[in-house]
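In what follows, a structure is listed as C-alpha cells, so that the remarks can point back to it.
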Amino acid sequence: MNTQRLHIAIQKNGRLAERSLELIEAAGYRLNRGASDLAYSVDNAPIDIWRVRDDDIPTFVANGVADLGIVGRNVLAERSAGADGEGLREVMQLGFGRCRLCIAAPVGFEYAGPASLNGARIATTYANLLSRFLKQEGVAAEIVPMRGAVEVAPRLKLADLICDLVSTGATLEANGLKPVATILESEAVLVRSARGLGPELERLADSLISRFRGVVASQGAKYVMMNAPRSALPRIAAILPGAGAPTVMSLAGRDDEVAVHAVCQESVFWETLEALKATGASSILVLSIEKMM
Ligand code: ATP
Ligand code: ZN
C-alpha cells in the first residue's frame, strides 16, 4: 500500500504566508520549496503543502482536499457566521497574524456605544460577522458589502463607517478613521475538518500538532536559573511569570542556599530580574528554549 500523504493548506502570498512556512520548518519538516508554485513537498515526512488564497482554505479543509489549514480566525469566523459554516474545527492558536475586526468611524464621529450605529451605512468584507454583531446589539444599520479597500468607503461617501481588520491602526489613521468597537480578536489558527482522517493520517496529524504546540509554547518561553536563599522560595515562585513548580536543588556545602530552575511561559523582563534579586537571589540566568514538548 502506498503511504498516504497529509495535506496542509496555507496562504500563498500575504500576511500569513511566510510565518506559516517558518512554523512548519521550525517543527522540523524540511520543505522542498522549488517543487511547484502550488505545492511544496516535505522531504522528511509524507506531507504536502498547498499554497492557496486564504479565503479558500476553509473550503479546502471542509471538502477534504486538505486535511489541515493555517488561516486567520477571522476567515473561519466569517464562514461559520454564514450559511455554510459547518464541518471545521479550530485545533490551536498559532501566535502570529494577530489583529482585531473593528468598526471604525471618521475621526469626528461621536461614538457612545452600539446605539450610535443606528441608521448608519457600514462598509465591510465581513458581512456575516457584522450582521451578527448588529443583531446581537439590536442595532438597525445598513451593511455595504465590499471585496476589499474598505477603508476608502467613507471618503467616497459609499458608507459612513467601516468594519475591517486592524493591527497597528496606521491604515485607519492614514484614512482619517479611528476604531470605535471590536467585534472579534483574531490570530492565525490551525484548522482541521471535523470528520476523521483515517488512522495513518490521524497519526501524522497528531505528531504535527504536538510539534506545533511545542514550537508555539517555546516562543517567548524562557528557562530561568538562579541561586537563592531557601527562605525566599515562596516569594520567588510568586514572581516567576507563568512558571509551574520550579525545580529546587541543594548546593554542595550550603544549607541556607539552593539552586532554582524554572520554565517561564511568559516574557521575563528586567523588572522581574530586579524583583528576584531583591529576594536575595544571585547568579540569575535567563536562557532561550529551542524546543519544548
Ligand atoms: P489572499 O490573497 O490570500 O486572499 P488577503 O489579502 O485576503 O490575501 P492578507 O491581507 O494577506 O489577506 O491577510 C491575511 C490574514 O492576516 C487576515 O485574514 C488576518 O487574519 C491577518 N491579519 C493580521 N493583521 C492584519 C491587518 N492589519 N489587516 C488585514 N489582515 C491582517
Ligand atoms: Zn483573502
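Calculate for the chain the 222 nm mean residue ellipticity that helices alone would give, adding -39,500 (n - 2.57) per DSSP H run of length 4 or more and normalising by residue count, nearest 500 deg cm²/dmol. Mind dumping the intermediate values first?
Details: 8 runs with 76 residues, N = 293.
Estimated from H runs of four or more residues: -7500 deg cm²/dmol.
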(message) What does the C-alpha gyration tensor say about the overall shape of the range 99-186? Classify as rounded when a/c is under 1.5, otherwise prolate if a/b is larger than b/c, or oblate.
(response) rounded
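Under a 1.4 Å probe, what is the accessible area of the range 150-253 per residue, stated in Å²? Write down the numbers at each step before the final one.
On the way: 5030 Å² over 104 residues.
Accessible surface, normalised per residue, equals 48 Å².
Among 107-115, 171-179, how do they line up by average Cβ neighbours within 10 Å per residue, starting with the highest?
On the way: 107-115: 11.1, 171-179: 16.3.
Ranking the peptides 107-115, 171-179 by packing returns 171-179, 107-115.
When a/c is below 1.5 the answer is rounded, else prolate if a/b is larger than b/c, else oblate, so apply that to the chain with a ≥ b ≥ c taken from the square roots of the Cα gyration tensor eigenvalues. Can you show the working numbers first?
Values: a/c = 2.69, a/b = 1.37, b/c = 1.97.
Taking the square roots of the gyration eigenvalues as a ≥ b ≥ c, the chain is oblate.
Relative contact order for the chain using alpha-carbon pairs under 8 Å, separation at least 6, rounded to a whole percent?
Working: 554 pairs, mean separation 53.3, N = 293.
Rounded, it is 18 percent for the chain.
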(request) Name the most mobile residue of Cys264, Cys102, Cys163, meaning the one with the largest mean-square fluctuation, in a Gaussian network model of the chain with Cα contacts below 10 Å. (result) Cys264
(request) Could you give me the percent of Cα pairs per 5 Å distance bin for the range 222-288, shortest bin first, beginning at zero and ending with the bin that holds the maximum distance? (result) 4, 19, 34, 27, 11, 4, 1
(request) Quantify, in whole percent, the carbon and sulfur part of the accessible surface of the range 99-186 (1.4 Å probe; protein heavy atoms only). (result) 51
(request) Mind giving me the FRET efficiency for Arg235 and Met293? R0 is 35 Å, r the Cβ-Cβ distance, nearest 0.05 is fine. (result) 0.70
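The values are calculated or read from the model by the stated rules, or taken from the named source; none is laboratory data. Just so you know, these numbers come straight off a predicted model, no measurement behind them. Ideal geometry is used to build each Cβ from the backbone, glycine not excepted, and the neighbour counts take in all protein chains shown. To get the accessible areas, we keep the full protein, side chains included, count just its heavy atoms, and leave off ligands, DNA and RNA. Shrake-Rupley method; radii C 1.70, N 1.55, O 1.52, S 1.80 Å.
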